[in-house]
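Down below is the structure, laid out as structure tokens.
The values are calculated or read from the model by the stated rules, or taken from the named source; none is laboratory data. None of these values were measured; they are calculated from a predicted model. Positions of Cβ are backbone-derived with ideal geometry, glycine not excepted, and every protein chain shown enters the neighbour counts.
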Amino acid sequence: MKGRRPLPTNWKVLRGNPGKRPLNKNEPKPEIPNEPPAAPSFLTGYALEEWRRISVEAHRLGLLTGVDVMPMAAYCDAYERWRTARETVAAMAERDPVMHGLIVRTQSGGAAANPLVWIAANAARDMVRYAAELGMSPAARSRINAGVDLDDGKFAGLIPGY
């Protein structure tokens, strides 16, 4: 598929469908539980903190269902890696007023880019990718046509149950 990725239908509805384009009426809609899904037991520390921060709002917007738990967990895990790396680099920067923790000394005595900067950058890319796909994915759901829409056609009502 070329071009810009479509917005999830839920987002279009929440924004009032500013483009006024037709919404996908046949997009798969997983059941939204009454309460936000619990965080997976393997999330700890900053990952669990991030889950608690965003899960209630994502659930309220209909973007966190039972099938969205693992992509959300992956996002939270990437958040934890990003935040831990960033905090560690910041602590190194306090002790290194010249290079601010961006360059480290190698075992041979030379200088090299701090691998924590690379880890933080990769985790940030992962966070953005998982966030874009959150919901298995809301964006992907807006591209899926789960059935034939017989409501608007001239043959509407001819097939029982439709």
Being among the acidic types (Asp, Glu) and either assigned to a loop (DSSP other than H, G, I, E, B) or over 19 Å from residue 132 (Cβ atoms) (or both) is the requirement here; does residue 57 meet it? no
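Taking the conditions exactly as written (over 30 Å from residue 9 (Cβ atoms), within 20 Å of the chain's Cα centre (by Cα) and at pLDDT 90 or above), does residue 75 satisfy them or not? Spell out how you get there, then give the answer.
Numbers: over 30 Å from residue 9 (Cβ atoms): no; within 20 Å of the chain's Cα centre (by Cα): yes; at pLDDT 90 or above: yes.
It is false that residue 75 is over 30 Å from residue 9 (Cβ atoms), within 20 Å of the chain's Cα centre (by Cα) and at pLDDT 90 or above.
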In the range 28-57, what residues are surrounded by 13 or more Cβ atoms within 10 Å (Cβ to Cβ), in contact (Cβ under 8 Å) with a residue 24 or more places away in the chain and not aromatic (Phe, Trp, Tyr)? 28, 30, 32, 36, 37, 39, 40, 43, 47, 48, 50
Can you spot a residue in the range 58-72 that is within 23 Å of residue 125 (Cα to Cα), hydroxyl-bearing (Ser, Thr, Tyr) and buried (at least 17 other Cβ atoms within 10 Å of the Cβ)? no
Set 64, 102: member being of a type in the set (A, V, I, L, M) and in contact with a strand residue (DSSP E or B) (Cβ under 8 Å, 6 or more places away or on another chain): 102
Can you report the number of residues in the range 78-91 which are within 13 Å of residue 114 (Cα to Cα) and buried (at least 18 other Cβ atoms within 10 Å of the Cβ)? 2
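Report yes if some residue within the range 104-127 is among the charged types (D, E, K, R), free of Cβ contacts under 8 Å to residues at least 24 places away in the same chain and within 20 Å of residue 74 (Cα to Cα); otherwise report no. First the steps, then the outcome.
First, pick out the residues of the range 104-127 that are among the charged types (D, E, K, R): 105, 125-126.
Filter once more, keeping what is free of Cβ contacts under 8 Å to residues at least 24 places away in the same chain: 105, 125.
Filter once more, keeping what is within 20 Å of residue 74 (Cα to Cα): 125.
Yes, that holds for at least one residue.
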Kindly indicate the residue of the range 8-40 that is of a type in the set (A, V, I, L, M) and within 22 Å of residue 69 (Cβ to Cβ) and also modelled with the lowest pLDDT among those meeting that condition. 14
Is the range 94-105 home to any residue that is within 35 Å of the chain's Cα centre (by Cα), at pLDDT 90 or above and part of a helix (DSSP H, G or I)? yes
